[in-house]
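Chemist: Have a look at the structure that comes next, please.
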Amino acid sequence: MKNIQDEKLLQTTLQKYKLDKIVDLEKKPPFSLQYYDANEVILHEGTELESLLFLVDGKVKVTSSVATGKSLLLRFVQPFSIIGDIELIRNVSVQSQIKAVEKSLLIGLPRDYVRKTRIRSPFSECVRFSYTWDFKILTTSLLLPS
């Protein structure tokens, strides 16, 4: 992972995905731009979530470990996607491994900042929507015949 210090790119990306509408930028949130090479692990299963992540460029895959020691591919994720929302809401360790499939750019917002700061309700709604969608996908996949 490489942290990118480019305020112009950050602001442009925040506006492109309308994050400036759901997070009060006047409070100077501690956003970080994170660049990952292809095949680089973004989040390891079982570790503590450090930041809520927003995938803004590239493609990542989500996998989960199974009892045999192999990995089960859950899905591929493309922009715009929120990563770490379930862990943040449930206050649990990272549930799946997230790995860049191609060069990827993410915006990070520290977990503690998200928890401590009163973020405008559209942000909360965005996270809740993402959580609900992820839960719906999980539920649907569990109902499919094996």
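Chemist: Does any residue of the range 53-69 turn out to be among the charged types (D, E, K, R) and more than 13 Å from the chain's Cα centre (by Cα)? Working first, answer last.
Modeler: Step one: of the range 53-69, the residues among the charged types (D, E, K, R) are 57, 59, 61.
Remaining after also requiring more than 13 Å from the chain's Cα centre (by Cα): none.
Within the range 53-69, none of the residues are among the charged types (D, E, K, R) and more than 13 Å from the chain's Cα centre (by Cα).
Chemist: Looking only at the range 33-47, filter to residues that are part of a strand (DSSP E or B) and of a type in the set (A, V, I, L, M, F, W, C); which one of those is farthest from Lys2 (Cα to Cα)?
Modeler: So the first thing to find is which residues in the range 33-47 are part of a strand (DSSP E or B), and the list is 33-36, 41-43.
Now narrow it down to the ones that are of a type in the set (A, V, I, L, M, F, W, C): 33, 41-43.
On the way: Leu33: 8, Val41: 12, Ile42: 11, Leu43: 14 Å.
That would be Leu43.
Chemist: Going through the range 19-49 one residue at a time, which ones are among the acidic types (Asp, Glu) and touching a strand residue (DSSP E or B) at 6+ places or on another chain (Cβ under 7 Å)? Explain how you work it out, then say what you get.
Modeler: From the range 19-49, those among the acidic types (Asp, Glu) are 20, 24, 26, 37, 40, 45, 48; that's our starting set.
If the condition is that a residue be among the acidic types (Asp, Glu) and touching a strand residue (DSSP E or B) at 6+ places or on another chain (Cβ under 7 Å), then Asp37, Glu40, Glu45 are the ones that fit.
Chemist: Which of the residues spanning the range 26-40 are surrounded by 14 or more Cβ atoms within 10 Å (Cβ to Cβ) and not hydroxyl-bearing (Ser, Thr, Tyr)?
Modeler: Result: Pro29, Phe31, Leu33, Gln34, Glu40.
Chemist: When you go through Asp57, Asp85 one by one, which is the residue that is modelled with pLDDT of 95 or more and either surrounded by 13 or more Cβ atoms within 10 Å (Cβ to Cβ) or not basic (Lys, Arg) (or both)? Please lay out each step first, then the result.
Modeler: Working: Asp85 fails: modelled with pLDDT of 95 or more.
Just one listed residue meets the conditions, Asp57.
Chemist: Could you tell me how many of the residues in the range 48-95 are over 23 Å from Lys18 (Cα atoms), in contact with a Gly (Cβ under 6 Å, 6 or more places away or on another chain) and assigned to a strand (DSSP E or B)?
Modeler: The number of residues fulfilling the criteria is 0.
The values are calculated or read from the model by the stated rules, or taken from the named source; none is laboratory data. Model, not experiment: these values are computed from the prediction. Using ideal geometry, Cβ is built from the backbone for each residue, glycine included, and neighbour counts are taken over all protein chains shown.
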